[in-house]
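This is the structure I want to talk about, given as structure tokens.
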Amino acid sequence: MPGNSQAHPVPPILKPYVAKNSIVTRSPGRINLIGEHTDYNNGFVLPAAIDKAAYLVMTPRADGVIHLRAADMDEVYSTSVSRLEKATHTAWPNYMLGVVQQFLDAGVSVAGFDATLSADIPVGAGLSSSAAVECAVALALNKLSGAGLDKLSLVRLAQKAENEYVGVQCGIMDQFASMFGKKDYVIRLDCRSLAYTYVPFNMGGIKIVLLDTNVKHSLGSSAYNDRRAQCETGVAWMRAQDNSVNSLRDATMDMLNAWVLPRDPLIYQRCRYVVEENGRLLAACDDLEAGDLPAFGRKMYATHEGLSRDYEVSCPEADFLVDAVKLLPTVLGARMMGGGFGGCTINLVEEGAVEEMIRSCRDAYRKKMNRQLKAYIANIESGSSVIA
């Protein structure tokens, strides 16, 4: 995993912490172009790494102490390898310590170290800042310990760190996109087999604009669990009729119509969205291969419609922003991104129209929702690397 220090220089805030024996890593946040709520149904996703990242300086020490610093917040936390203790007053150290715990559980010898973190990924915007931090730590520890683990092993470790140490039951997409991202490409990831293909994303004249609703509705986590349970119920009903159905990845619309719709229209609605979204994603990849971004954008709008009406994980703020840009011919496509109930919408916008699009949406959002709208422009970048 060679570094690329010219393309990704060490941020100035971290330079005072770099010593001769330090390791510096960079791990990006991610977007997901299409394929939402398909990951835990063993379906397909289409993420990409972006040009906003977490940077980490790790320097070995001989006394078994782990000293962590969040440079952007000017906060520190210390513990030891022999007695790894979770932070209780703040969350950020635990994303780092969870990775240490996974290395230890895997039988890797970890010495003490100093680690200083800085990131320019907006927190809470649905760009997977936590996965970026985990991957940055995993890369640095892999090099520091000489463990020699491959990238997929590091992805699995980072995901387990969040699942088991932090306690967030995320899928593998975020860490995978952060680690495996490729500049100017999206990743078609099969969440069942973890087979993946790089698909070119020709952004000539197009910008990816993220509009942050600046809200996170409280029903998000409970509704997320409900959706998973509803999908599992639909699968169980179909499996009773055909034991080859192990997840919604294996389901067809004929199966849903025959075995789910007569029993429960709501569960049918949930399952239908996932089955349609998997098909939509594969067709969208064909659009990208053909260089047909307008067709791709129309599928993004269709995805939002499904997320809002069938899966019911959108919110009034996100719906308003997607409806607002539908009226703009300079926006090729838009949808809510992430788990739902807040976060960002992702928009494909003609480059010359970006400023006007953001201004008009910001004004309309303030008038309608009485909220401030944040906007970010994201470029597709390379994945995690050791940069020094």
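Rounded, prolate or oblate, given the Cα gyration tensor of region 9-144, with a/c below 1.5 counting as rounded? Display every interim value, and only then the final one.
On the way: a/c = 1.91, a/b = 1.48, b/c = 1.29.
Since a/c reaches 1.5 and a/b is larger than b/c, the shape of region 9-144 is classed as prolate.
Taking loop as defined by DSSP and a crowding limit of 12 other beta carbons within 10 Å, which trypsin sites (Lys or Arg not before Pro) in region 241-342 fit?
Qualifying residues, ordered by number: Arg263.
Pick out, from Ala229, Ala49, Gly98, the residue whose Cα sits farthest towards the positive end of the charge dipole of the chain, with +1 on the Cβ of Lys and Arg and -1 on the Cβ of Asp and Glu.
Farthest towards the positive end: Gly98.
Also, I was wondering about something else. Just how many % of Cα pairs in region 95-168 lie over 15 Å apart, if you round to the nearest whole percent?
51
Turning to a different aspect of this structure: In what sequence, highest mean first, do 230-236, 284-290, 137-143, 22-28 appear when ranked by Cβ atoms within 10 angstrom?
22-28, 137-143, 230-236, 284-290
Follow-up question, since we're still on this one. As a quick test, which of the pairs Lys143/Lys183; Lys86/Lys182; Lys20/Lys182; Lys207/Lys326 have an alpha carbon distance above 25 angstrom in this structure?
Numbers: Lys143/Lys183 23 Å; Lys86/Lys182 34 Å; Lys20/Lys182 29 Å; Lys207/Lys326 16 Å.
The answer is Lys86/Lys182; Lys20/Lys182.
With a 1.4 Å probe and all protein chains left in place, how much accessible area per residue does region 17-170 have, in Å²? Please list the in-between numbers first.
On the way: 5580 Å² over 154 residues.
Here the per-residue accessible area is 36 Å².
Distance between the C-alpha centers of region 273-330 and region 331-388? Whole Å please.
Centre-to-centre (Cα) distance: 15 Å.
Once you order the gyration tensor axes a ≥ b ≥ c over the Cα atoms, which shape class does region 199-280 get: rounded for a/c under 1.5, otherwise prolate or oblate by comparing a/b with b/c? Working shown, then result.
Details: a/c = 3.02, a/b = 1.57, b/c = 1.93.
It comes out oblate by the Cα gyration axes.
Now for a separate question. Around Ser178, under 9 Å between beta carbons, what's the net of Lys plus Arg minus Asp minus Glu among the other residues?
My count for the surroundings of Ser178 gives -1.
With θ taken as phi - 60° and the coefficients 6.51, -1.76 and 1.60, list the Karplus ³J(HN,Hα) couplings across region 249-260 in order, rounded to whole Hz; mark glycine and proline as x.
Per-residue couplings from phi come out as 4, 8, 8, 10, 5, 4, 4, 4, 5, 7, 10, 10 Hz.
Something else now. Taking the radius of gyration and the Kirkwood hydrodynamic radius from Cα positions alone, what is the Rg/Rh ratio for region 125-201, to two decimal places? Spell out each step's value before the answer.
Values: Rg = 12.6 Å, Rh = 13.0 Å.
With Rg and the Kirkwood Rh in hand, the quotient comes to 0.97.
Just to compare against my own numbers: the Cα pair-distance distribution for the chain, 20 Å bins, whole % per bin, please.
Values per bin, smallest distances first: 28, 55, 17, 0.
Find out how many positive minus negative residues lie around Glu162, taking Lys and Arg as positive, Asp and Glu as negative, among other residues whose Cβ is under 12 Å from that of Glu162.
-1
Rounded, prolate or oblate: pick one for region 141-260, where a ≥ b ≥ c are the square roots of the eigenvalues of its C-alpha gyration tensor, a/c under 1.5 means rounded, and failing that, prolate if a/b is larger than b/c, else oblate.
The shape class here is prolate.
If you don't mind, another one. What do you get for the angle between helix 265-289 and the principal long axis of the chain? Use alpha-carbon atoms, 0 to 90 degrees, nearest ten.
Helix 265-289 and the main axis of the chain meet at about 70 degrees.
Here is a follow-up. Ratio of region 14-84's C-alpha Rg to 2.2 N^0.38 Å, to two decimals? Each step should come with its number before you reach the end.
Details: Rg = 17.5 Å, N = 71, 2.2 N^0.38 = 11.1 Å.
Its radius of gyration relative to the 2.2 N^0.38 Å reference: 1.58.
Would you calculate the convex hull of the Cα atoms in region 250-303 and tell me its volume per residue in Å³?
For region 250-303, the hull spanned by Cα atoms encloses 67 Å³ per residue.
Largest first, what is the accessible-area ranking of Lys86, Lys367, Lys20, Lys52 with a 1.4 Å probe?
Lys20, Lys367, Lys86, Lys52
With a cut-off of 8 Å between alpha carbons and a minimum separation of six or more residues, what is the relative contact order of the chain in percent?
25
Find the Rg to Rh ratio for region 213-353, where Rh is the Kirkwood radius over alpha-carbon pairs and Rg uses the same atoms.
1.02
Could I ask something else about it? With a 1.4 Å probe and every protein chain kept in, tell me what percent of the accessible surface of the chain is carbon plus sulfur.
Within the chain, the accessible surface is 48 percent carbon and sulfur.
If I stretch the segment between Ser193 and Asp105 completely, what's the gain in nm (0.36 nm per residue apart, minus their alpha carbon distance), one decimal?
29.3 nm
The values are calculated or read from the model by the stated rules, or taken from the named source; none is laboratory data. These numbers were taken from a predicted model, which means no experiment stands behind them. Cβ atoms come from the backbone with ideal geometry, glycine included; neighbour counts cover every protein chain shown. Protein only, heavy atoms only, side chains kept; ligands, DNA and RNA dropped before computing areas. Shrake-Rupley method; radii C 1.70, N 1.55, O 1.52, S 1.80 Å.
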